[in-house]
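The values are calculated or read from the model by the stated rules, or taken from the named source; none is laboratory data. Every value quoted in this text rests on a predicted model; they were computed, and no experiment measured them. Cβ sites come from the backbone with ideal geometry, for glycine too, and all protein chains shown count toward neighbours.
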């Protein structure tokens with residue numbers, strides 16, 4: 001089972017399910033004609049930044065959210 005995300009310049013939230021593999025190929029082929037593919041960036045080397053950080057993942061996440069939220073409030 002796969003997943004395709006499409007971003008459109010409209011306020012739309014729809015979910016479709018295609019059960020036929022042939023139909024899915026046709027949809028993807030048509031999307032390739034009209035849409036630009038998003039290029040993904042390889043972030044595997046970035047994970048080393050957090051490797052030696054003290055604290056649990058929840059503590060780190062809480063600290064990062066706290067810092068982010070304080071910036072939003074202070075401009």
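Values computed for the structure shown
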read-out	value
Pair list, Cβ under 9 Å, 6 or more apart: the stretch 21-43 residue farther than 18 Å from residue 8 by Cβ, other residue outside any helix (DSSP H, G or I) and at pLDDT below 90	24/2; 24/4
Residue check, residue 22 modelled with pLDDT of 90 or more, assigned to a helix (DSSP H, G or I) and exposed (fewer than 10 other Cβ atoms within 10 Å of the Cβ)	yes
Test set (1) within 16 Å of the chain's Cα centre (by Cα); (2) at pLDDT 75 or above - residue 60 fails condition number	(1)
